[in-house]
Every structure is written in structure tokens, then in C-alpha cells.
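K.L.:
One structure, pasted below without further comment.
Read the figures in this text as sums done on the coordinates, not as results from a lab. Just so it is clear, the model here is predicted, and its values are computed rather than measured. Neighbour counts are summed over all protein chains in view; Cβ atoms, including those assigned to glycine, are modelled from backbone coordinates with ideal geometry.
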Amino acid sequence: MHFDDILTRSPLMEAVLRSAHLIAQTDASVLITGESGTGKELVAHAMHATSPRSKRPFIAVNCAALPETLAESLLFGHRKGAFTGADNSQSGLIGAAEGGTLFLDEIGELPLNLQAKLLRFLESGEVLPLGESQPKRMDVRVFAATHRDLYAMAGQGTFRKDLFYRLNIIPVELPPLRDRREDVDLLLKHFLQQFASQHKQPAATLSREASAHLLRYGWTGNVRELRNLCERLSILLAGREIGFHNLPADIRSPAKRVVSTNPFNLPEDGVNLDELERDLLNQALERTQNNKTHAAKLLGISRDALNYRLKKQAMA
Ligand SMILES: Nc1ncnc2c1ncn2[C@@H]1O[C@H](COP(=O)(O)OP(=O)(O)OP(=O)(O)O)[C@@H](O)[C@H]1O
Ligand SMILES: [Mg+2]
């Protein structure tokens, strides 16, 4: 995995990759952030591969998947007999990365007590395996990645502030795909081609309508979502043209955003909806000098609907 494998023609992304390339040459810890599917893992691999440590191990750890009771010994190691079942001494994942790079993916999920131990390691270069009394020096560079907002988590006390500042000295922030639309077309063509040759089938091509839609689409799952779509279409439509109607329904019309655009907030103790409706109807009629067509427009309903509601209110 190399920087050359990271496809982009976006100046925004190119600038991020340029600085990632520079940082890779140093020994500094790096925090890679970005929404899910933006390529954080890809960038971590590429940074290691161009770093002076490239010939040494690259150990990737998903902090979200570390079993709680074993996490500490898995990361920092343990001495034989440190706990029931510890039949042998283990150097842990940090030990396994000696001379190379430890990639802590989903760092936001690391338990607070281990965050403290990790900080100590980053500051001193030493680890204290479970059951040992003497700390051990380790030559390991740390990359961390997260799709979470660690700054906000630090504010809420679920991520250690001191560790956040220690990691965030050199952040690498990957932009979401919707902020680099230049890449959509490039990646679509690349993945359609790649899956076609992988499945030994002719590549599917995109119609103008499908292409135009995908260019405007939100891509909340970023490159991973785009890649998965290409795999699906490559299989279903090998050698054919992909029309708008061939796109999956959730991509053709993404679910309406759940976030309310309503400027009103429901007060703590609730409202009287009938009263609120009557008041809004009156305000709309007043403002439009009783012009029902205009009043209906202000309320976002049809003239008939306005009449119906006025009648209903009059009867109430
Ligand atoms: N610019 C790119 N060029 C080519 N492939 C890419 C690019 N960006 C991402 N990918 C591919 O998209 C997929 C998702 O990328 P990756 O796993 O690195 O994302 P991530 O940011 O680590 O996501 P998550 O937060 O969900 O773990 C991978 O298959 C990766 O190879
Ligand atoms: Mg990842």
C-alpha cells in the first residue's frame, strides 16, 4: 500500500496527502481523522510504507475490538503468572511493533485507563507490562485514527484531554467525499474497471443520468460506499450501461434527513397544538390582509387545506 494507490484529483486531498507524506518521514505520532470510509487506514499504511520504518513491522490494532479484560495485556504485554491463564510472558502488541509502527485504529474507543497508560508510553517511550516491576524501553511510532470528534469527547470527559493534545500535534484530516467531488468520477471509473477485471467480466459503464446523479449524491459512507456500489453494479450489470433506474433505491432517493429544519422548539411543558394552529392561521391572514392564497403559501399548505383548517377551527 503506497501513496500512489490513493487516487485523487482534488487539490484539497492532494494538500492533505502532501503533508501526510512529509510527516511520514519524521518520527512524530500522528492522528488521522475523517468520516468513516474516507481512507484513514489506507493513509496509515501509505505513511508507514514511505517512512524510515517501512522495513519494520506495521501492527494495526482496532481499539473497538479489544476485549475489555484482556486489552491491557494485549497492548502492553504481561509477565508469566501475572494473572490466571498467563502461562507465558507476552510482549504485547506494542512489543510486536518494536522498531516499526503501531496503528491504533478507532482510538476513541480505547478505555480511559488504557488512555492513561498509552499517554505515559508516548511521553516516556517506556511500557510497564502487567506483573512487571521494571518498565521496558520500546522504539515504536504511534499512528492513531478515528472517525469520532475527539475534541468534543475530551470536552465531555470520555477521552483524555492530555492524550488528545499529545496525539493531535500533527493531525491528518481526510475530507469527506462530498467535499472533493472531483474524485467521484475518478473513483467510479477506477472501481468499475477494477471489479470487472477481478471478476473477469467486461466493465459496466455509467449512463449520463446515473453519472450526474452520483456526482451530486451525498456519499455519507464516503469511498467505501462508492466502492461497494461499484462492486454490486459490476456483478449485476457486467458489460452493460448503468442507467439511473439501476441504482439502488436508497441512492436514487436518499432517506429524508431526520434532522428537523423546524425553527420552532417544543417547549419543556409542551404546547396546545389547536391553539398554536389557530394563532398561526390568524397571523398568516393578518399579514396577507386576508388573502387566502397568499396566507396558504405562507403556511406551506394549499388554499383548500387552509379553508378546511379555518372551518375546523371555527367549529371548535
Ligand atoms: N482515495 C482512495 N483511492 C482508492 N481507494 C480508496 C481511497 N480512499 C479509500 N479507498 C478505499 O475505500 C475503502 C475504505 O477506506 P479505509 O478503510 O481506509 O477507510 P477508513 O477511513 O479507515 O474507514 P473507517 O472509519 O470506516 O474505518 C478501502 O477499501 C480503501 O482501500
Ligand atoms: Mg478504518
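K.L.:
For segment 273-315, state what percent of all Cα-Cα pairs lands in each successive 10 Å bin, counting from 0 Å until the bin that includes the largest distance.
P.N.:
Here the calculated profile for segment 273-315 is 33, 62, 5.
K.L.:
Could you list 76, 121, 143, 159 in order of exposure, starting from the residue whose Cβ has the fewest other Cβ atoms within 10 Å?
P.N.:
With the sparsest Cβ surroundings first, the list reads 121, 159, 76, 143.
K.L.:
Pairing the Cα long axis of helix 11-24 with the longest principal axis of the chain, what angle in degrees results, from 0 to 90 and rounded to the nearest 10?
P.N.:
20 degrees
K.L.:
Counting only pairs 8 or more places apart or on different chains, how many lysine pairs in the chain have C-alpha atoms closer than 18 Å?
P.N.:
Total qualifying Lys-Lys pairs in the chain comes to 7.
K.L.:
Would you please state the base-10 log of I(q)/I(0) at q = 0.06, 0.10, 0.12, 0.14 1/Å for the chain, with intensities from the Debye formula using one equal scatterer on every alpha carbon?
P.N.:
Treating every Cα as an identical point scatterer, log10 I(q)/I(0) equals -0.37, -0.78, -0.93, -1.06.
K.L.:
Separate question: Determine the relative contact order of the chain: mean sequence separation of Cα pairs under 8 Å and six or more apart, normalised by residue count, in whole percent.
P.N.:
18 percent
K.L.:
Here's something else I'd like to know. At residue 307 and residue 151, where each label point lies 7 Å from the Cα along Cα→Cβ, what is the point-to-point distance in nanometres?
P.N.:
5.5 nm
K.L.:
Given the -39500 (n - 2.57) contribution per DSSP H run of 4+ residues, what per-residue ellipticity at 222 nm results for the chain, rounded to the nearest 500 deg cm²/dmol?
P.N.:
-13500 deg cm²/dmol
K.L.:
With each pseudo-label sitting 7 Å past Cα toward Cβ, what's the residue 68-residue 240 distance in nm, one decimal?
P.N.:
With each label placed 7 Å out from Cα toward Cβ, I get 5.0 nm.
K.L.:
Sticking with this one: Using the Karplus curve 6.51 cos²θ - 1.76 cosθ + 1.60 with θ = phi - 60°, what ³J(HN,Hα) values do you get for each residue of segment 56-71, in whole Hz, with x for Gly and Pro?
P.N.:
These are the phi-based 3J(HN,Hα) values: 9, x, 10, 10, 9, 10, 8, 4, 6, 9, 6, x, 3, 6, 9, 3 Hz.
K.L.:
Please state the charge dipole magnitude for the chain, taken about the Cα centre, from unit charges on C-beta atoms (+1 on K and R, -1 on D and E), reported in debye and rounded to the nearest 20.
P.N.:
For the chain, the charge dipole is close to 760 debye.
K.L.:
So what is the relative contact order of segment 273-315, in percent, for Cα pairs below 8 Å that sit 6 or more residues apart?
P.N.:
Computed value for segment 273-315: 30 percent relative contact order.
K.L.:
Counting Lys +1, Arg +1, Asp -1, Glu -1, what net charge surrounds residue 71 among other residues with beta carbon under 13 Å of its beta carbon?
P.N.:
Around residue 71, the charge tally is -3.
K.L.:
For residue 3, what charge total do you get from the other residues with a beta carbon under 13 Å from its beta carbon, if Lys and Arg give +1 and Asp and Glu give -1?
P.N.:
Once positives and negatives cancel, what remains is -2.
K.L.:
Still on this structure, please answer the following. At what distance in angstrom do the alpha carbon centres of segment 155-173 and segment 275-316 lie from each other?
P.N.:
53 Å
K.L.:
Based only on other Cβ atoms within 10 Å, what is the fewest-to-most ordering of 127, 43?
P.N.:
127, 43
K.L.:
In addition: Normalising by the residue count of segment 177-252, find the relative contact order in percent from Cα pairs under 8 Å and 6+ residues apart.
P.N.:
Relative contact order, segment 177-252: 41 percent.
K.L.:
In degrees, nearest 10, range 0 to 90: what is the angle between the Cα axis of helix 40-49 and the longest Cα principal axis of the chain?
P.N.:
Approximately 30 degrees, to the nearest ten.
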